[in-house]
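K.L.:
Please read through the structure below; I'll follow up with questions.
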Amino acid sequence: MRERSGGGTRSIPPEKDFGGRGRSCKGGSAVATGGGGVYIAPLAMTDAPTLPILLVPDQRLRAKAKPVAAGDADRVRALAPRMLAAMYAAPGIGLAAPQVGEMLRLVVIDLQKEEKPDPVVLVNPEIIAASRDVATREEGCLSLPGQYADVTRPAQVRVRYHDLSGARREIEGEGLLSACLQHEIDHLDGVLFVDYLSALKRNMLLRRLAKDLKSKERA
Ligand SMILES: [Zn+2]
C-alpha cells in the first residue's frame, strides 16, 4: 500500500512521506507472543536486491496466493528482505508477495512510525476480528502507481500470523495500520483497492493508469 506523498506540513523527508490526508496513526499494538521482533529488526538494515513490482493489469495480481507451508521456509526467508527492500525503494508502507510475482501468503509492512524503520513480516496472515464501525481513508497501491481513491473498510482489525521464526503472533490495528493490513491481505486473494470503488470510478482510475503508464513508456 502507498499513501499519497507531498502536501501537508510535516517535516519528514519526501521519500518517507506517506502523508496523504490525516496521517493519524493511532493503532499498532503488536501483541507479542515472545521473541519481541528479534527476527524482524535486522531486516530493516537489509541491502537485499530489490524486486520488480508487478503493475495492473498483470493477471498474477488477480490470482489467489497459496498458504506458506513448512517446506517454503527457506524461500520465504530469502524473499522477505527482498520484498522489504522493494517496498522501501518504491517507497510504500506495505507489499504483498503476489505483487512481486510470488504466489505465497506473505506480506511485509512498515508504517515507519516516528520515522524509524519498523518492519513487520506476516506469514499466512488472517483477519480474525474486524470492527463493525468503518473508516474511510485514501489509499494507493504500488501496483497502481500514482492512483489514489477513498476506500471504506472496518475501522479496526485483529490479524493472526506467523513471524519468520514460525511463532504465532497477533497484531491489532486501527487507522492507517488497519487499512494497510486489510489492503495487503486483500492482495493475497487477488483483490485490489479499486474493487471497493463504483464501476465508474474504478474504470476512470484504470484508464488513467493505463494512460500514465503508456506515456511513461514513451518518455
Ligand atoms: Zn497494494
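The values are calculated or read from the model by the stated rules, or taken from the named source; none is laboratory data. Since the structure is predicted, the reported quantities are computational estimates derived from the model, not experimental observations. Here Cβ is always computed from backbone atoms with ideal geometry, including for glycine, and neighbour counts include all displayed protein chains.
K.L.:
State which residue pairs qualify: first residue farther than 15 Å from residue 124 by Cβ and inside region 178-192, second residue more than 11 Å from the ligand (Cβ to nearest atom) and of a type in the set (Gly, Ala, Ser) in any location, beta carbons under 6 Å apart, and separation of 6 or more residues or different chains.
P.N.:
Short answer, once both residue conditions are applied: 178/27; 190/63.
K.L.:
Please work out if residue 126 is farther than 18 Å from residue 209 by Cβ, charged (D, E, K, R) and either crowded, with 21+ Cβ neighbours inside 10 Å or away from the ligand (no atom under 16 Å from the Cβ) (or both).
P.N.:
Values: farther than 18 Å from residue 209 by Cβ: yes; charged (D, E, K, R): yes; either crowded, with 21+ Cβ neighbours inside 10 Å or away from the ligand (no atom under 16 Å from the Cβ) (or both): yes.
Yes; evaluated as a whole, the condition is true for this residue.
K.L.:
Looking at (1) part of a helix (DSSP H, G or I); (2) more than 14 Å from the chain's Cα centre (by Cα); (3) under 25 Å from residue 89 (Cβ atoms), find the lone condition where residue 200 falls short.
P.N.:
All conditions are met except number (3).
K.L.:
Would you confirm, using the coordinates I've provided, whether residue 151 is under 30 Å from residue 71 (Cβ atoms), touching a helix residue (DSSP H, G or I) at 6+ places or on another chain (Cβ under 7 Å) and either touching a residue at least 60 places away in the same chain (Cβ under 8 Å) or within 16 Å of the ligand (Cβ to nearest atom) (or both)? Let's see the steps before the verdict.
P.N.:
Numbers: under 30 Å from residue 71 (Cβ atoms): no; touching a helix residue (DSSP H, G or I) at 6+ places or on another chain (Cβ under 7 Å): yes; either touching a residue at least 60 places away in the same chain (Cβ under 8 Å) or within 16 Å of the ligand (Cβ to nearest atom) (or both): yes.
Judged against the criteria, residue 151 is not a match.
K.L.:
Also, quick follow-up: Residue 11 fails exactly one of the following numbered conditions: (1) modelled with pLDDT under 90; (2) surrounded by 11 or more Cβ atoms within 10 Å (Cβ to Cβ). What is the number of that condition?
P.N.:
The one condition residue 11 does not meet is (2).
K.L.:
Which strands (runs of 3 or more DSSP E) does region 26-119 wholly contain that include 2 or more residues that are modelled with pLDDT of 95 or more and within 28 Å of residue 209 (Cα to Cα)?
P.N.:
Numbers: elements: 29-31, 94-96, 106-109.
Answer list for region 26-119: 94-96, 106-109.
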